[in-house]
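Since the structure comes first, as structure tokens, the remarks are kept for the end.
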């Protein structure tokens with residue numbers, strides 16, 4: 001995870017509707033708060049939550065609440081489920097539109113022996129040809145991009161600006177095991193009521209290719225909750241793919 005680039009990227013993505021003068025103020029604030037933002041990501045990586053190992057709960061959810069409050073969310077609460085707890089947070093900027101955010105605070109398991117440096121230390125190392133990068137579990141998936149978004153909120157607040165939209169955040173701690181209890185989280189009356197006000201929901205994500213091209217994703221795929229069984233009336237093995245391809249084409253047309 002390259003550090004300064006994604007912090008800047010997050011700030012400019014959030015402030016896309018601000019005036020040019022506002023962006024200039026925000027850009028200056030980015031430089032001022034760079035080290036603070038890197039330290040925030042460093043500390044978050046050190047707070048490990050792994051659902052498959054029952055590790056880091058409820059501490060991970062409580063830390064997510066702190067991060068939300070620090071970034072300017074007026075309300076942030078731990079929401080219990082039959083599994084790992086989630087977090088529900090809202091930021092009211094007095095804006096006419098509201099945007100939903102999907103965060104995850106859990107990470108996948110890891111074997112420290114397979115890492116070039118400790119996956120929980122978030123060390124900054126030189127990695128050719130990228131330059132200085134943060135190495136740690138969650139630096140890319142998903143704490144790095146989420147930290148960039150939080151850094152953007154800190155930057156906008158620090159510049160004395162207001163968000164152009166209100167925010168509703170739902171953060172879960174079981175994404176890496178398929179989100180078995182997220183329905184309990186998002187169907188809580190207060191959470192569902194807030195989400196219904198959103199014009200859309202996105203998952204902060206950003207990457208940079210080796211050639212410097214930056215990609216910002218405004219949505220993210222999720223583990224599927226259903227599967228399909230396809231049966232063919234034609235017993236001939238050389239024709240079995242027809243049933244599959246017909247079904248794929250049907251789904252494609254349905255999704256268009």
Worksheet item: Somewhere in the range 152-160, is a residue in contact with a strand residue (DSSP E or B) (Cβ under 6 Å, 6 or more places away or on another chain) and at pLDDT 95 or above?
Response: no
Fill in: Sole exception among (1) surrounded by fewer than 21 Cβ atoms within 10 Å (Cβ to Cβ); (2) under 18 Å from the mean Cα position of the chain (by Cα); (3) not in a helix (DSSP H, G or I) for residue 87, by number
(1)
Fill in: Matching residues, the range 51-84, being assigned to a loop (DSSP other than H, G, I, E, B) and under 24 Å from residue 163 (Cβ atoms)
71, 72, 73, 74
Discussion item. Looking at the structure I just gave you, is residue 101 surrounded by 15 or more Cβ atoms within 10 Å (Cβ to Cβ), farther than 13 Å from residue 45 by Cα and modelled with pLDDT of 95 or more?
Written reply: yes
Practice prompt. Could you run through the range 93-108 and say how many residues are part of a loop (DSSP other than H, G, I, E, B) and within 20 Å of the chain's Cα centre (by Cα)?
Written response: 4
Discussion item. Under 7 Å between Cβ atoms, which residue pairs at least 6 apart in sequence (or on different chains) link something in the range 174-194 that is in the same structural domain as residue 106 (by TED's automatic domain parsing) and exposed (fewer than 13 other Cβ atoms within 10 Å of the Cβ) with a partner that is in a helix (DSSP H, G or I) and at pLDDT 95 or above?
Written reply: 192/186
Worksheet item: Before we move on, is residue 144 assigned by TED's automatic domain parsing to the domain that holds residue 183, within 18 Å of the chain's Cα centre (by Cα) and under 28 Å from residue 189 (Cα atoms)?
Response: no
Worksheet item: Do we find a residue being in a strand (DSSP E or B), assigned by TED's automatic domain parsing to the domain that holds residue 176, surrounded by fewer than 15 Cβ atoms within 10 Å (Cβ to Cβ) and in contact with a strand residue (DSSP E or B) (Cβ under 6 Å, 6 or more places away or on another chain) anywhere in the range 127-136?
Response: yes
Worksheet item: Residue check: is residue 158 within 16 Å of the chain's Cα centre (by Cα) and either touching a residue at least 24 places away in the same chain (Cβ under 8 Å) or surrounded by 21 or more Cβ atoms within 10 Å (Cβ to Cβ) (or both)?
Response: no
Fill in: Which numbered condition residue 163 misses (of (1) outside any loop (DSSP other than H, G, I, E, B); (2) more than 23 Å from residue 59 (Cβ to Cβ); (3) within 20 Å of the chain's Cα centre (by Cα))
(1)
Worksheet item: Among the helices (runs of 4 or more DSSP H) confined wholly to the range 180-256, which include 2 or more residues that are at pLDDT below 75?
Response: 240-255
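The values are calculated or read from the model by the stated rules, or taken from the named source; none is laboratory data. A quick note: this is a predicted structure, and the numbers were derived from the prediction, not measured. Counting neighbours? That spans all protein chains shown, and the Cβs are built from the backbone with ideal geometry, glycine included.
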